[in-house]
Amino acid sequence: MTLDNQKHNVFISYSTRNSDIANRICYLLEENGLKCWIAPRNISSGKIYIEEIGDAIRSTKIVVLVYSSFSQASRYVNNEIEMAYSYNKPIISFNIDNAEPKDEMAYFLKVSQWLPAFPDPEAEYETLIEDSLMLCNEQRDTPIITDFTNYKEEDLTRHKRDYISLILLFTPVYWASFIYMGLTANKKLWAVMGLVYLIPSIMILFLQLGAINLLFILHPILNLFILIFILLWIMAIIHGFLIRNEFLTRKSILRFTFSDEKLFEYLYDEYIEL
């Protein structure tokens, strides 16, 4: 096979809820000589993502759809299948649940090749590989590879835990957690909130140094300040947990988008649902 002379053989369309199976399919197809295009791995930073996906579908030989109720509900998957249909690309619908296509998806898939893979998708991987090789006009002289021994999972939906932000939230320097999350996830508002949460800590530092003792001549004022400090601490902890999912999502996605906000929004709309 002459994979170096072309971009890719297979475009993989899937909902991020099914990314584990999609990544496994990508791995097996490439192990068997079919180069794949799959998001977010093959999305380049700085390019218009819609045009790039359109170019990828237009230049591919076939489209493999990981079909499920989640892909049925995904507007991105629907758009990709619509493009594949308009470009007359062969579509293999790898059905991993018993959901029936409806509305526009049913129309686009009416001429596709259906491969039922429910309830055991792994049992149908070999058939999927054989069908993909056939539709790509590729021949394989060696046995089909279905071994995952060297498979390394690269799944955007499986966030790596970030304990730094949690540790900081439970200390008097909770404000640092927001500055850290804002800088790490490219969210300026969080960094600004960190500076707001920093104000009581600075005042306590000055108080310890005796620099603002005159402000606390009256004992009730000192108590009020301590109460405000504690309330802000509690608010920061609650706030931190509320944005934690978005923080982990942003942090993961930005590994691929390199702070490309437009591309981030494309991916984030689906990933935040997780």
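Details
- Note on exposure: Glu80, Glu51 ranked by accessible area (1.4 Å probe, complete protein assembly) read Glu51, Glu80, with the most exposed listed first.
- Computed accessible area, Leu166, all protein chains, 1.4 angstrom probe, square angstrom: 40
- Ordering of 13-21, 124-132 by packing [mean C-beta count within 10 Å, highest first]: 13-21, 124-132
- Separation of the Ala99 and Phe170 label points, Cα + 7 Å toward Cβ, nm: 3.7
- The mean sequence separation of alpha-carbon pairs under 8 Å and at least six residues apart, normalised by the residue count of segment 59-107, gives a relative contact order of 52 percent.
- Pairwise FRET efficiency - Leu205 versus Ile50, Cβ, R0 = 35 Å, nearest 0.05: 0.10
- Computed lengthening from Asn79 to Thr149, 0.36 nm per intervening residue step minus Cα-Cα distance: 21.8 nm
- Protection proxy ranking of 89-98, 57-66, by the mean of other Cβ atoms within 10 Å over each peptide's residues and highest first, is 57-66, 89-98.
- Surface analysis of segment 75-116 yields an accessible area of 55 Å² per residue, using protein heavy atoms and a 1.4 Å probe.
- With every protein chain in place and a 1.4 angstrom probe, the accessible-area ranking of Ser201, Ser71, largest first, reads Ser201, Ser71.
The values are calculated or read from the model by the stated rules, or taken from the named source; none is laboratory data. All of these numbers come straight from a predicted model, not from anything done at the bench. Every residue, glycine among them, receives a Cβ derived from its backbone with ideal geometry; neighbour counts consider all protein chains shown. Accessible surface is based on the protein model in full, side chains and every heavy atom, while ligands, DNA and RNA are left aside. Shrake-Rupley method; radii C 1.70, N 1.55, O 1.52, S 1.80 Å.
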